[in-house]
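Trainee: Before I ask anything, here is the structure I am working with.
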Amino acid sequence: MTGKAVVALEAVSKAYGATRALDGIDLAVHEGELLSLLGPSGCGKTSTLNIVAGFIEPDAGRVLLDGQDVTRQPAWRRGLGVVFQSYALFPHMSVADNVAFGLRERRMGRREAEARVAEALALVRLPAAGAMRPSHLSGGMQQRVALARALVIRPRVLLLDEPLAALDRKLREEMRAELREIQRAVGITTIFVTHDQHEALGLSDRVAVMNAGRIEQLGTPREVYQRPATGFVADFIGASSALEGRAVDAGTVELAGGQRIAVRLPRPLEPGTRVRLLIRPERVEPGDGGANALPARVASVMFLGDHAEVRLELPGGARVLAVVRGTVVVEPGDRLTVTLPPDAFLEAP
Amino acid sequence: MIGRLVVLALVLFMTLPTLVVVVASFNPTAILSFPPQGLSLRWYENALTYPQFRRAALNSLIVTAASAALALPIGTAAALALVRYPVRLRGLWNTALLSPLVVPGVAAGLGLLILAARLGLLANRVVLIVAHVVLVLPFVIRSVMVSVANLDPMLERAAASLGARPWRVFRRVTLPLLRPGLFAALLFAVIVSANEFVVSLFVSTRVTEILPVAMFTYVVNYTDPTMAALSTLFVAATFAAVFLADRLLHLSRVFQIEGHR
Ligand SMILES: Nc1ncnc2c1ncn2[C@@H]1O[C@H](COP(=O)(O)OP(=O)(O)OP(=O)(O)O)[C@@H](O)[C@H]1O
Ligand SMILES: [Mg+2]
């Protein structure tokens, strides 16, 4: 596994004064995959990317590119493509000159460079923008130019730091899909930084969820969503409701309202201990589905078009978030029965 | 309305001395007097043919060109360092580099004179050039610092990631984007150096003296309007330089003194 890693970080740490920005990061990125670094602001995503790019040096640990130690190698030697959140297009150059920048540094002949620039601009669907100034382009177009400029040098790895954050919502969703298509088409190994879980889940082959300078969990989007390894991951990714209770036996929990529910957790519970259970809204099923059918009252409804978020109150006061299809009509105050499947629960530490 | 009158009065007050000199320079009589008794160009002729003025003008050209050529790279390096790097005691450095603005010229001139005498360089133009470099540097550093502060460091990172080594990053990205600040710095350097008088008086001889010093010497000895003619030429040249620079380089944009929007 490690032998095939294109990028590998080994025990990488970085501190700024008293702030431990990165605290022992281990990470291996495989050939052709898109790996996201996902986490809240300040968790160290950009620092990780900057260390891979060679913009900053780690205090400890190693950076490997195709098995070669590049920890002390300057950025200009690494041959990686970087796209910045602010795009960082050179304002004094035309779009074509921006894209050709890296080719000129490689002393590529004029003819060949022009062909490669045209090819790259076509790839990002801006075939006619070459003569324009970056400042005359919209945010989305600047984004594409930045991508073309990074890809045209045929980098070993593509690094993207919140590339979509500066775009408005609609454009962001379009670019997200397009980015994925381009990445697949080029087949380039990619590290993608974001604090947006939808972006990370929707784009990535694997997601590294970061918190306070550490990687909390590394796995496929499905894994980190459905089997969060830590309470932080469960909390950070996806909405979930928490239910407080006390373990009665290895697979039964008594909630604050006195209801007894069956749970199937990865590890058996210690009878008598307090437990905090998490459940995803889409796992809360309306109607009597057998085990764990509970009476509930609708506390509030948020209609969102294709679906509605319904806040339910269980006897005893616990609140549970559920999602129903938009066509289902529910009103605050309605009484209904919901089922919480035993295998739907996660345990929060 | 009142505001406009005040501004008009202020402009008049500020330009009046210059206007008086300009008018006096066309006076045909040999006495500096106002108002003039006629119209004549004889003092212009005198100013342009007086040998000591010609020599001093050449000296001015050499000293100004040399000091600008030295101050620009030095000042740019200093500006980059002051803005970019976590310099220890930044405030102190700032103050030290800008101190020529506040140290009285007499003190600076005297200090340089003593040093030059000690080193046996009294009659040497090098001392004069060094003095001008020091005097011009604060203006150069200030102008370039504005441009450096406006320069997005991500641009340099982007260039590096595309394979440009540090020198290439400087050539292809940093320097072109500092251009407005550098032009402003050059303009300041030329104007300050060309007009410098006090310090230059201390460290120049009859052979090395620059135009402002030569003008002072002349005015001490003669009272005809030649000085007024020369001053007028001087002012005209300065105005032309500023006007051209503004037209060509949009100086007002460099200093961001356009109205807020
Ligand atoms: N140059 C710096 N000087 C001092 N502290 C820094 C510097 N760069 C980053 N830090 C700190 O290191 C920590 C990690 O920063 P980093 O930029 O990597 O976070 P991030 O995950 O990218 O956050 P964001 O989502 O806000 O971009 C933060 O606490 C930040 O304040
Ligand atoms: Mg960041």
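The values are calculated or read from the model by the stated rules, or taken from the named source; none is laboratory data. Just so it is clear, the model here is predicted, and its values are computed rather than measured. All Cβ positions, even for glycine, are placed from backbone atoms using ideal geometry, and neighbour counts span all protein chains on display. Surface accessibility is based on the protein's heavy atoms, side chains included, excluding ligands, DNA and RNA. Shrake-Rupley method; radii C 1.70, N 1.55, O 1.52, S 1.80 Å.
Trainee: In the list A:GLY42, A:GLY81, which residue meets the criterion of being more than 16 Å from ligand 2 (Cβ to nearest atom) and either of a type outside the set (D, E, K, R) or more than 18 Å from A:PHE192 (Cα to Cα) (or both)?
Mentor: Only one candidate qualifies: A:GLY81.
Trainee: Can you name every residue in the range A:48-65 that is within 16 Å of ligand 2 (Cβ to nearest atom) and out of contact with any Pro (no Cβ under 9 Å at 6 or more places or on another chain)? Let's see the steps before the verdict.
Mentor: Filtering the range A:48-65 for residues within 16 Å of ligand 2 (Cβ to nearest atom) gives A:48-53, A:55-56.
Hits for the range A:48-65 are A:THR48, A:LEU49, A:ASN50, A:VAL52, A:ALA53, A:PHE55, A:ILE56.
Trainee: On the given criteria, is A:ASP26 open to solvent by 10 Å² or more (accessible area, probe 1.4 Å), away from ligand 2 (no atom under 16 Å from the Cβ) and closer than 22 Å to A:ILE237 by Cβ? Steps first, please.
Mentor: Working: open to solvent by 10 Å² or more (accessible area, probe 1.4 Å): yes; away from ligand 2 (no atom under 16 Å from the Cβ): yes; closer than 22 Å to A:ILE237 by Cβ: yes.
Considered against the rule, which asks whether it is open to solvent by 10 Å² or more (accessible area, probe 1.4 Å), away from ligand 2 (no atom under 16 Å from the Cβ) and closer than 22 Å to A:ILE237 by Cβ, A:ASP26 comes out as yes.
Trainee: Find all pairs meeting these conditions: Cβ atoms under 9 angstrom apart; at least six residues apart or on different chains; first residue within the range A:308-332 and closer than 16 Å to A:LEU294 by Cβ; second residue in a loop (DSSP other than H, G, I, E, B) and open to solvent by 60 Å² or more (accessible area, probe 1.4 Å).
Mentor: Listed pairs, sorted by first residue: A:VAL310/A:VAL328; A:ARG311/A:PRO332; A:LEU314/A:ALA256; A:GLY316/A:ALA256; A:GLY317/A:ALA256; A:ALA318/A:ALA256.
Trainee: What number goes with the only condition from (1) within 16 Å of ligand 2 (Cβ to nearest atom); (2) of a type in the set (S, T, N, Q); (3) surrounded by fewer than 23 Cβ atoms within 10 Å (Cβ to Cβ) that A:GLN68 does not pass?
Mentor: Against the list (1) within 16 Å of ligand 2 (Cβ to nearest atom); (2) of a type in the set (S, T, N, Q); (3) surrounded by fewer than 23 Cβ atoms within 10 Å (Cβ to Cβ), A:GLN68 comes up short only on (1).
Trainee: Out of the residues in the range A:294-316 that are open to solvent by 40 Å² or more (accessible area, probe 1.4 Å) and of a type in the set (A, V, I, L, M), which is farthest from A:GLY258 (Cα to Cα)?
Mentor: Of everything passing the filter in the range A:294-316, A:LEU304 is farthest from A:GLY258 (Cα to Cα).
Trainee: For the range A:160-170, check the following and say yes or no: at least one residue is of a type in the set (Gly, Ala, Ser) and either free of Cβ contacts under 8 Å to residues at least 40 places away in the same chain or away from ligand 2 (no atom under 16 Å from the Cβ) (or both). Reasoning before the result, please.
Mentor: Quick first cut of the range A:160-170, residues of a type in the set (Gly, Ala, Ser) only: A:165-166.
Within this subset, residues satisfying the condition of being either free of Cβ contacts under 8 Å to residues at least 40 places away in the same chain or away from ligand 2 (no atom under 16 Å from the Cβ) (or both) are none.
Taking every residue of the range A:160-170 in turn, none turns out to be of a type in the set (Gly, Ala, Ser) and either free of Cβ contacts under 8 Å to residues at least 40 places away in the same chain or away from ligand 2 (no atom under 16 Å from the Cβ) (or both).
Trainee: Go through the range B:1-26 and report how many residues are charged (D, E, K, R) and either outside any helix (DSSP H, G or I) or open to solvent by less than 100 Å² (accessible area, probe 1.4 Å) (or both).
Mentor: Keep residues of the range B:1-26 that are charged (D, E, K, R), which gives B:4.
Those left that are additionally either outside any helix (DSSP H, G or I) or open to solvent by less than 100 Å² (accessible area, probe 1.4 Å) (or both): none.
Counting residues in the range B:1-26 that are charged (D, E, K, R) and either outside any helix (DSSP H, G or I) or open to solvent by less than 100 Å² (accessible area, probe 1.4 Å) (or both) gives 0.
Trainee: Follow-up question, since we're still on this one. Looking only at the range A:236-245, decide whether some residue is in a helix (DSSP H, G or I) and within 25 Å of the chain's Cα centre (by Cα). Walk me through it before giving the result.
Mentor: Taking the range A:236-245 and keeping what is in a helix (DSSP H, G or I), we get A:236.
Next, only the ones that are within 25 Å of the chain's Cα centre (by Cα) stay: A:236.
Yes, the conditions are met somewhere in the range A:236-245.
Trainee: Taking A:ALA88 as meeting all but one of (1) within 7 Å of chain B (Cβ to nearest Cβ); (2) surrounded by 17 or more Cβ atoms within 10 Å (Cβ to Cβ); (3) on the phi < 0 side of the Ramachandran plot, write down the number of the exception.
Mentor: Of (1) within 7 Å of chain B (Cβ to nearest Cβ); (2) surrounded by 17 or more Cβ atoms within 10 Å (Cβ to Cβ); (3) on the phi < 0 side of the Ramachandran plot, only one is false for A:ALA88: (3).
Trainee: If I filter the range A:189-197 for residues that are touching a Ser or Thr at 6+ places or on another chain (Cβ under 7 Å), within 16 Å of ligand 1 (Cβ to nearest atom), open to solvent by 40 Å² or more (accessible area, probe 1.4 Å) and not in a helix (DSSP H, G or I), do I get at least one hit? Outline the logic, then answer.
Mentor: From the range A:189-197, those touching a Ser or Thr at 6+ places or on another chain (Cβ under 7 Å) are A:192-195; that's our starting set.
Applying the additional criterion that residues be within 16 Å of ligand 1 (Cβ to nearest atom) yields A:192-195.
So of that shortlist, the ones also open to solvent by 40 Å² or more (accessible area, probe 1.4 Å) come out as A:195.
This time we only want the ones that are not in a helix (DSSP H, G or I), so: A:195.
Yes, because at least one residue in the range A:189-197 is touching a Ser or Thr at 6+ places or on another chain (Cβ under 7 Å), within 16 Å of ligand 1 (Cβ to nearest atom), open to solvent by 40 Å² or more (accessible area, probe 1.4 Å) and not in a helix (DSSP H, G or I).
Trainee: Turning to a different aspect of this structure: Can you tell me which of A:ARG144, A:ARG107 is out of contact with any Asp or Glu (no Cβ under 7 Å at 6 or more places or on another chain) and within 14 Å of chain B (Cβ to nearest Cβ)?
Mentor: On the way: A:ARG144 fails: within 14 Å of chain B (Cβ to nearest Cβ).
Result: A:ARG107 is the single residue among A:ARG144, A:ARG107 that is out of contact with any Asp or Glu (no Cβ under 7 Å at 6 or more places or on another chain) and within 14 Å of chain B (Cβ to nearest Cβ).
Trainee: While we're on this one: I need every pair where a residue in the range A:243-258 that is touching a residue at least 60 places away in the same chain (Cβ under 8 Å) has its Cβ under 6 Å from the Cβ of a residue that is assigned to a strand (DSSP E or B) and open to solvent by 50 Å² or more (accessible area, probe 1.4 Å), sequence separation at least 6 or different chains.
Mentor: A:GLU244/A:ARG276; A:ALA256/A:GLU244
Trainee: Still on this structure, please answer the following. Would you call B:VAL169 at pLDDT 85 or above, on the phi < 0 side of the Ramachandran plot and not basic (Lys, Arg)?
Mentor: Numbers: at pLDDT 85 or above: yes; on the phi < 0 side of the Ramachandran plot: yes; not basic (Lys, Arg): yes.
It is true that B:VAL169 is at pLDDT 85 or above, on the phi < 0 side of the Ramachandran plot and not basic (Lys, Arg).
Trainee: Can you name the residue in the range A:198-226 that is part of a helix (DSSP H, G or I) and of a type in the set (Gly, Ala, Ser) and is also farthest from A:VAL52 (Cα to Cα) among such residues? Spell out the reasoning first.
Mentor: The initial filter retains those residues of the range A:198-226 that are part of a helix (DSSP H, G or I), namely A:198-203, A:221-226.
Next, from what is left, pick out any that are of a type in the set (Gly, Ala, Ser): A:200, A:202.
Details: A:ALA200: 19, A:GLY202: 23 Å.
Among them, the one singled out is A:GLY202.
Trainee: Please go through the range A:101-114 and give me each residue that is open to solvent by less than 70 Å² (accessible area, probe 1.4 Å) and either over 31 Å from the mean Cα position of the chain (by Cα) or of a type in the set (Phe, Trp, Tyr) (or both), ordered by number. Give the steps one after another, and end with the answer.
Mentor: Here is the first cut: in the range A:101-114, the ones open to solvent by less than 70 Å² (accessible area, probe 1.4 Å) are A:101-103, A:105, A:108-109, A:113.
Passing the criteria: A:PHE101, A:LEU103, A:GLU105, A:MET108, A:GLY109, A:ALA113.
Trainee: Identify all residues within the range A:72-99 that are among the aliphatic types (A, V, I, L, M) and touching a Phe, Trp or Tyr at 6+ places or on another chain (Cβ under 9 Å); write none if there are none. Let's see the steps before the verdict.
Mentor: Of all residues in the range A:72-99, those among the aliphatic types (A, V, I, L, M) come to A:75, A:80, A:82-83, A:88-89, A:93, A:95-96, A:99.
Of everything in the range A:72-99, those that are among the aliphatic types (A, V, I, L, M) and touching a Phe, Trp or Tyr at 6+ places or on another chain (Cβ under 9 Å) turn out to be A:ALA75, A:VAL82, A:MET93.
Trainee: Tally up the residues in the range B:169-181 that are facing another protein chain (nearest Cβ under 7 Å), over 15 Å from B:VAL83 (Cβ atoms) and crowded, with 17+ Cβ neighbours inside 10 Å, please. Break it down stepwise before answering.
Mentor: Step one: of the range B:169-181, the residues facing another protein chain (nearest Cβ under 7 Å) are B:173, B:176-177.
In the following step, the residues that additionally are over 15 Å from B:VAL83 (Cβ atoms) were identified as B:173, B:176.
Restricting the remaining residues to those that are crowded, with 17+ Cβ neighbours inside 10 Å gives B:173.
Residues flagged as facing another protein chain (nearest Cβ under 7 Å), over 15 Å from B:VAL83 (Cβ atoms) and crowded, with 17+ Cβ neighbours inside 10 Å within the range B:169-181 amount to 1.
Trainee: Just one of (1) open to solvent by less than 30 Å² (accessible area, probe 1.4 Å); (2) over 23 Å from A:ALA185 (Cβ atoms); (3) more than 16 Å from ligand 1 (Cβ to nearest atom); (4) within 14 Å of chain B (Cβ to nearest Cβ) trips up A:ALA120, so point out which.
Mentor: (2)
Trainee: Could you count how many residues in the range A:295-323 are more than 19 Å from A:PHE345 (Cα to Cα), in a strand (DSSP E or B) and of a type in the set (A, V, I, L, M)?
Mentor: Result for the range A:295-323: 5.
Trainee: Out of the range B:125-159, which residues are small (Gly, Ala, Ser) and open to solvent by less than 30 Å² (accessible area, probe 1.4 Å)? Before the answer, list the steps.
Mentor: From the range B:125-159, those small (Gly, Ala, Ser) are B:131, B:143, B:147, B:149, B:158-159; that's our starting set.
Those that are small (Gly, Ala, Ser) and open to solvent by less than 30 Å² (accessible area, probe 1.4 Å): B:ALA131, B:SER143, B:SER147, B:ALA158, B:ALA159.
Trainee: When you go through A:ALA75, A:ALA96, A:ALA129 one by one, which is the residue that is buried (at least 19 other Cβ atoms within 10 Å of the Cβ), hydrophobic (A, V, I, L, M, F, W, C) and within 13 Å of chain B (Cβ to nearest Cβ)? Break it down into steps so the answer makes sense when it comes.
Mentor: Working: A:ALA96 fails: within 13 Å of chain B (Cβ to nearest Cβ); A:ALA129 fails: within 13 Å of chain B (Cβ to nearest Cβ).
Just one listed residue meets the conditions, A:ALA75.
Trainee: Something else: Could you tell me how many of the residues in the range B:27-60 are under 25 Å from the mean Cα position of the chain (by Cα) and part of a loop (DSSP other than H, G, I, E, B)?
Mentor: 1
Trainee: Can you tell me which of A:SER36, A:SER86 is within 16 Å of ligand 1 (Cβ to nearest atom), outside any strand (DSSP E or B) and in contact (Cβ under 8 Å) with a residue 24 or more places away in the chain? Break it down stepwise before answering.
Mentor: On the way: A:SER36 fails: outside any strand (DSSP E or B).
Only one candidate passes the filter, namely A:SER86.
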